[in-house]
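So the structure is just underneath, and the comments pick up after that.
The values are calculated or read from the model by the stated rules, or taken from the named source; none is laboratory data. Keep in mind that this is a model prediction, so the values were computed, not measured. FYI the Cβ positions are ideal-geometry reconstructions off the backbone, even for glycines, and counts take in every protein chain you see. Keep in mind that these areas ignore ligands, DNA and RNA; they rest on the heavy atoms of the full protein, side chains included. Shrake-Rupley method; radii C 1.70, N 1.55, O 1.52, S 1.80 Å.
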Amino acid sequence: MTTKPTYQTWIRMNKLFIFLGISLLLLLVTLFPIPVYLRLLSGMLALPFLYIAFILSYSTYQFAAFGGSYQSKIHDVIVSKVDDGSGIILDIGTGSGSLIIKLAKRFPHSSLTGIDFWGQNWEYSKGQCEQNAEIEGVSDRIHFLKASASKLPFPDAEFDIVVSCLTFHEVKDSRNKTDVMKEALRVIKPGGTFVFMDLFLDENTFGKKTELVADLTMHGVVELKEYKLTDILPLPKILWNKKVLGNAMVLSGKKAK
Ligand SMILES: C[S@@+](CC[C@H](N)C(=O)[O-])C[C@H]1O[C@@H](n2cnc3c(N)ncnc32)[C@H](O)[C@@H]1O
């Protein structure tokens with residue numbers, strides 16, 4: 001078994017390679033012995049692909065442990081918002097297990113479950129989560145399960161704490177992402193807490209923030225706190241891009257007793 005855990009970044013490598021491949025191909029065409037206007041056209045077409053490939057590669061570098069470690073830093077922010085982590089914790093969309101493993105290490109008396117759909121377009125897997133937990137010495141307290149965030153396989157009020165990072169907006173089997181958040185709230189015990197990080201300022205996905213907050217409040221959420229990510233963690237400019245983390249917010253709160 002490898003001795004180092006593997007935590008991939010949120011940037012899908014296949015997406016990065018597709019954009020890089022297309023831009024290189026279009027640039028290659030500019031070297032062909034074809035009419036100048038076609039070479040110019042190809043060069044111009046390459047520009048947007050190159051731009052996206054650049055954003056994706058530089059974001060990967062900033063998120064990765066070999067670069068700015070921002071992914072780990074964001075998980076640290078979420079962990080720091082969990083006041084008392086001694087109970088039963090659920091991480092929705094656990095990815096490669098990075099956040100839940102940090103929680104397990106920070107709260108040695110907790111017992112934890114990480115669920116994820118681990119769809120084919122992501123480079124994470126259940127096996128990788130289990131291996132990471134084993135390497136980090138917390139596998140005896142974490143259980144990983146394949147399930148969809150839109151229909152959690154748990155009874156109501158099962159968990160003391162529910163966390164989730166950048167997952168609700170990815171859930172494809174529910175059109176309404178606020179409904180996915182409500183499904184997460186369903187499994188929290190009365191008086192239990194949550195910390196969610198997602199692109200909550202993206203109105204196309206979550207609607208107007210005031211309405212989202214009102215909806216959550218009507219759904220029994222109290223002591224709701226909102227933090228714009230860029231206000232609580234200094235991020236490199238490139239990650240402020242709306243397509244990256246410009247719309248990211250942390251929402252934390254409690255389920256009414
Ligand atoms: C941006 S990644 C975040 C992963 C992890 N939370 C982290 O912070 O490293 C989004 C995650 O959402 C998961 N996901 C997508 N659709 C899902 C669904 N319907 N149910 C549960 N997880 C889902 C993906 O498999 C992926 O792991």
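Here are the numbers for this structure:
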{"quantity": "Residue-averaged 222 nm ellipticity for the chain, from DSSP H runs of 4+ at -39500 (n - 2.57), nearest 500", "calculated": "-12500 deg cm²/dmol"}
{"quantity": "Whole-percent carbon and sulfur share, accessible surface of the stretch 13-63, 1.4 Å", "calculated": "85"}
{"quantity": "Span-rule helices in the chain, defined as complete DSSP H runs reaching 18 Å or more along the axis (Cα) with Kyte mean at least -1.0", "calculated": "13-29, 36-63"}
{"quantity": "Share, in percent, of DSSP beta bridges within the chain that are antiparallel, nearest 5", "calculated": "40"}
{"quantity": "Amide H contacts under 5 Å for Thr113, placed H, 5+ residues apart", "calculated": "Ile89, Leu90, Asp91, His143"}
{"quantity": "The stretch 123-164-the stretch 174-193 distance, computed between alpha-carbon centres (Å)", "calculated": "16"}
{"quantity": "Label point distance in nm, Ser69-Thr210, each placed 7 Å from Cα along Cα→Cβ", "calculated": "4.1"}
{"quantity": "Met44 versus Arg175: modelled label distance in nm, points set 7 Å from Cα along the beta carbon direction", "calculated": "3.9"}
{"quantity": "Within straight-line cross-link reach of Lys177, aspartates and glutamates at Cα separation under 17 Å, skipping those fewer than 8 residues along the same chain", "calculated": "Asp91, Asp116, Asp198, Asp202, Glu203, Glu211, Asp215"}
{"quantity": "Potential lengthening between Gln120 and Ser80 on full extension [0.36 nm per residue; Cα-Cα distance subtracted]", "calculated": "11.3 nm"}
{"quantity": "Whole-percent carbon and sulfur share, accessible surface of the stretch 139-257, 1.4 Å", "calculated": "52"}
{"quantity": "Long-range tail of P(r) for the chain (Cα pairs > 34 Å, %)", "calculated": "22"}
{"quantity": "Residue-normalised accessible area of the stretch 13-63, given per residue in Å² at a 1.4 Å probe", "calculated": "67"}
{"quantity": "Whole-Å semi-axes of the stretch 13-63's equivalent ellipsoid (Cα gyration tensor)", "calculated": "25, 9, 6"}
{"quantity": "Stretch gain in nm, segment Lys182-Trp240, where the contour uses 0.36 nm per residue and the Cα spacing is subtracted", "calculated": "18.1 nm"}
